[in-house]
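First the structure, in the form of structure tokens, and then the observations on it.
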Amino acid sequence: MAKARALDRRRKSVRNIRKITRTMELIATARFKKAMDRSVAARDYTKHLASMLENIAAVGADVDHPLLEIRPTKRTAVLVLTGNRGLCGGYNSNIVRQAMALLGQWKSEQVGTTVAVSGKRGIGALKFRGVEVAETYTTFEDKPEYAAVAPIGQAYLEAYAAGEIDRLDVAYTRFHGIAKQEAVTEMLLPLAPPEAAEGSGRLASDEYDFYPSARSILEELLPASFMSRLFKCFLDAAVSEQVARMVAMKAATENAGGLIKSLSRAYNRARQSQITGEIMEILGGVEALKQ
Amino acid sequence: MADSPRTAGIQCVIVTPETTILDVKARSVVLPLEDGQRGVGRGHAPFIGRLGAGAVRITTVDGREAVHSVFVEKGFVEVSHDVVTVITQRALPAEKLDLGTARQDLAAISSQAARGDEAIDAKLQAQQAAREIVRIAERAR
């Protein structure tokens, strides 16, 4: 009975694992929905901000602002957004790979880099690869809050204005849709200059007045637009992490199902052959007695 | 859409980075611009303005007249074709403000000492914002 019993024991433990992965899948699904709602709710802000920028640019306000100015890159900052937890497929390692590629590029160009990492997984992975990490955050989970992101953004804006950094890149997972997420590095500073809205059936009466002036509004609007883009990176990262975990756990659950099936088959076969063996022995005994 | 003067209004939207706080039809909206308040009714000329700290007061048209007040601190407003869009980093609906905590916050900010021009500016701004919150909370009671 030894082999059959061992198979049964393995089957039981695989069943337990399946229970856990299925639960994790359900939790990730629920969290994903919530994170998705937040991300959708935040889209309005970005949309309105962008349209306001377009309108100002359309008026032809001379847009020169320190945040738009492209300087030669001497010192740069990189922000890496990973998860605090694993068991989410290639989510964390993809971002780390992206970040390492960028860091390697800066290194070969001999540009000084300041690295900040959010998420325990990324902190561990980068430390393992010998990257010096200046700042770490572990408080961002599936619900990043604007109030928590704002100080980080503010610090970058100040560093940029003071000339301590000439460029800021964020390595994160962009969320294109439930079927597609992609680890990317995106340049957030200097900002891309706003483009004028192009003839979307605008009337001449759409000429805006500005209080107090287009220039002073732009001065406030550009930092706000940077903040909203940074916040969007955090939101995207949170949604993508949940999707990645959902997919990984779904695959794990299915795998466990397959494993249980093949274990059951092997177990049944082992038990049957054992029974057959016993019957053969008995029959052999009977034959022997007859003679 | 019915366009009779009684029912037609202006669409008023208040958004923060996290969510849309308010999206209602309004008869008139009073906005706290940086240098003073400004009322917006139907057919107002389009403008974009910078907001200071204060209350956005909205008189709605649906059924009975009700006034919403929302505290906003910094941000922008875009008025175009009977649509008022307020974009702000922080918005607190008046019914969620608590007078007790608001007064405490104001007292705490007032009692802090500020040194240097920047710190003094920051303190004055915070103080003004806190005062506005207290005022709105008082009115909401």
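Laboratory data are not the source of any read-out in this text; all were calculated from the coordinates shown. Just so it is clear, the model here is predicted, and its values are computed rather than measured. Don't worry about glycine lacking a Cβ; one is built from the backbone with ideal geometry, like all the others, and counts go over all protein chains shown.
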Listed with the fewest Cβ neighbours within 10 Å leading, A:Met52, A:Met36, A:Met280 appear as A:Met280, A:Met36, A:Met52
In terms of the charge dipole of the protein assembly as shown, which places +1 on Lys and Arg and -1 on Asp and Glu at the beta carbon, the residue among A:Gln105, B:Gln89, A:Gly119 farthest towards the positive end is A:Gly119
With Cα coordinates, the longest principal axis of chain A makes an angle with the long axis of helix A:214-290, in degrees rounded to 10, of 10
Rounded to whole angstroms and listed largest first, the alpha-carbon spread of the protein assembly as shown along its three principal axes comes to 118, 63, 53
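Please give the average number of partner chain Cβ atoms lying within 10 Å of the Cβ of each residue in B:11-20, rounded to a whole number. Could the numbers behind the result be given before it?
Working: counts 0, 0, 2, 0, 9, 5, 18, 11, 8, 6.
Mean inter-chain Cβ contacts per residue within 10 Å come to 6.
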Taking Cα atoms, the helix A:91-108 axis meets the longest principal axis of chain A at an angle in degrees (rounded to 10) of 50
Computed for region B:97-140: size of charge dipole around the Cα centre, +1 on C-beta of each Lys and Arg, -1 on C-beta of each Asp and Glu, debye to nearest 20, value 160
In a Gaussian network model of chain A with springs linking alpha carbons closer than 10 Å, the residue among A:Asp169, A:Asp236, A:Asp37 that fluctuates most is A:Asp37
Expected sort for A:Ile217, A:Ile17 with the fewest Cβ neighbours (10 Å cutoff) up front is A:Ile17, A:Ile217
Largest fluctuation, A:Arg245, A:Arg11, A:Arg167 only, Gaussian network model of chain A with Cα springs under 10 angstrom, belongs to A:Arg11
Among trypsin sites (Lys or Arg not before Pro) in region B:98-134, those in a DSSP loop whose Cβ has at most 12 other Cβ atoms within 10 Å are B:Arg115
Counting only DSSP beta bridges fully inside chain B, the antiparallel percentage to nearest 5 is 90
Karplus ³J(HN,Hα) for region A:159-170 (6.51 cos²θ - 1.76 cosθ + 1.60, θ = phi - 60°; Hz, whole; x = Gly/Pro) runs 4, 5, 5, 7, x, 6, 10, 10, 6, 10, 10, 10
In debye to the nearest 20, the charge dipole size for chain A, taken about the Cα centre with +1 at each Lys and Arg Cβ and -1 at each Asp and Glu Cβ, equals 3000
Most fluctuating of B:Ile87, B:Ile120, B:Ile14 in the GNM of chain B (C-alpha, under 10 Å) is B:Ile120
Per DSSP, the loop-located GluC sites (Glu not before Pro) within region A:5-87 having at most 14 other beta carbons within 10 Å are A:Glu69
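Counting helices only, and only those DSSP H runs with n ≥ 4, report the 222 nm mean residue ellipticity of chain A as the sum of -39,500 (n - 2.57) divided by its residues, in deg cm²/dmol to the nearest 500.
When only DSSP H runs of four or more count, the value is -22500 deg cm²/dmol.
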XL table A:Lys74/A:Lys143; A:Lys107/A:Lys127; A:Lys74/A:Lys180; Cα-Cα > 24 Å flagged, in table order, is A:Lys74/A:Lys143; A:Lys74/A:Lys180
Computed over chain B: longest principal axis from alpha-carbon atoms vs helix B:117-140 long axis, angle to nearest 10 degrees, is 50
With +1 on the Cβ of every Lys and Arg and -1 on the Cβ of every Asp and Glu, the dipole magnitude of chain B about its Cα centre, in debye rounded to the nearest 20, is 380
per DSSP, antiparallel bridges as share of beta bridges in region A:92-216, % nearest 5, sits at 75
Rounded to two decimals, the Debye log10 I(q)/I(0) of region B:10-94 (Cα scatterers, no solvent) at q = 0.26 Å⁻¹ is -1.42
Out of A:Pro223, A:Leu79, A:Thr276 - ranked by how far each Cα lies towards the positive end of the dipole of chain A, with unit charges on the beta-carbon of charged residues - the top one is A:Thr276
As a percent rounded to 5, the proportion of antiparallel DSSP bridges among beta bridges in the protein assembly as shown is 65
Between B:Val84 and residues 5 or more places away or on another chain, the pairs with built amide H atoms under 5 Å apart involve B:Gln11, B:Cys12, B:Val13
When the charge dipole of region A:25-105 is computed with +1 on Lys and Arg Cβ and -1 on Asp and Glu Cβ about the Cα centre, the Cα farthest towards its positive end, among A:Ile27, A:Val96, A:Ala57, belongs to A:Ile27
A correct fewest-to-most ranking of B:Lys96, A:Lys250 by other Cβ atoms within 10 Å would be B:Lys96, A:Lys250
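Let me have the 222 nm mean residue ellipticity of chain B computed from DSSP H runs of 4+ only, each contributing -39500 (n - 2.57), with the sum over all residues rounded to the nearest 500.
-9000 deg cm²/dmol
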Between A:Tyr137 and residues 5 or more places away or on another chain, the pairs with built amide H atoms under 5 Å apart involve A:Val117, A:Ser118, A:Gly119
